[in-house]
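Working notes, beginning with the structure itself.
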Amino acid sequence: MSLWNLLDGGMSHPTAPSNWRERLLYWCGRRLTQRHRNVTLPKSTRIHPGAKINPRNAAIHFGENCVVADGAIIQGNVRFGDNCSVQPYTILTGYGSVEDPSGQITLGDGVRIASHGMIIAANHNFSAPDKPIHGQGLTNAPITIEDDVWIGGRVNLTAGITIGHGSVIGAGSVVTKNIPAKSIAVGIPAKVIQSREKA
């Protein structure tokens, strides 16, 4: 059993601290997050210390009242709006740098991302079959998730897509194209099956 398990009481999702153990837990999460330059972290945002957060050579900006659960990985160029949550074992990897946001992941306000998702804002190049793929570099492309979006469990978002505001992406989906606002999309590749607009 880890120290974090003793402090969090088995809860992977940070809640409003109600006792000294939880206050210590989220103090540790803040300290581990803020050891890196180029991380903006308001006091209202709670980070579980079991999350792995590193801006690399870019920047991570958290909005107000965000929550990051145990086991989540957030790296590279990532920008959160207010009131967002990232559940356990979800990976957000942005690319580019502080000066070059070509591979930035941008979340609007009120975005909910369930467990075990992958949101990666670059693709490996592989056009030259006589060269190793790892030596052909990456192509960065931003990912934008607009306000009030729910991303279900085990969803993959590929580089260069936008999820329109108010949309829901069903569990297990792979999103390869833009999703219009207020849509429900599911499948591999994800397709819109319903609109949330009132008829």
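Computed values, structure above
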quantity	calculated
Enumeration of residues in the range 86-128 that are open to solvent by 10 Å² or more (accessible area, probe 1.4 Å), touching a residue at least 40 places away in the same chain (Cβ under 8 Å) and not in a loop (DSSP other than H, G, I, E, B)	Tyr95
Residue within the range 172-179 that is farther than 26 Å from Lys198 by Cα, open to solvent by less than 30 Å² (accessible area, probe 1.4 Å), out of contact with any helix residue (DSSP H, G or I) (no Cβ under 8 Å at 6 or more places or on another chain) and assigned to a loop (DSSP other than H, G, I, E, B) present	no
Those residues of the range 45-65 which are of a type in the set (S, T, N, Q) and surrounded by 21 or more Cβ atoms within 10 Å (Cβ to Cβ), in sequence order	Thr45
Matching residues in the range 67-79 - criterion: being surrounded by 24 or more Cβ atoms within 10 Å (Cβ to Cβ) and in a loop (DSSP other than H, G, I, E, B)	Ala72, Gly76, Asn77
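The values are calculated or read from the model by the stated rules, or taken from the named source; none is laboratory data. These figures come from a predicted structure and were not determined experimentally. A quick note on method: Cβ atoms are made from the backbone with ideal geometry, for glycine too, and the neighbour counts reach across all protein chains shown. Quick note on the areas: whole protein, heavy atoms, side chains included, nothing else; ligands and nucleic acids left out. Shrake-Rupley method; radii C 1.70, N 1.55, O 1.52, S 1.80 Å.
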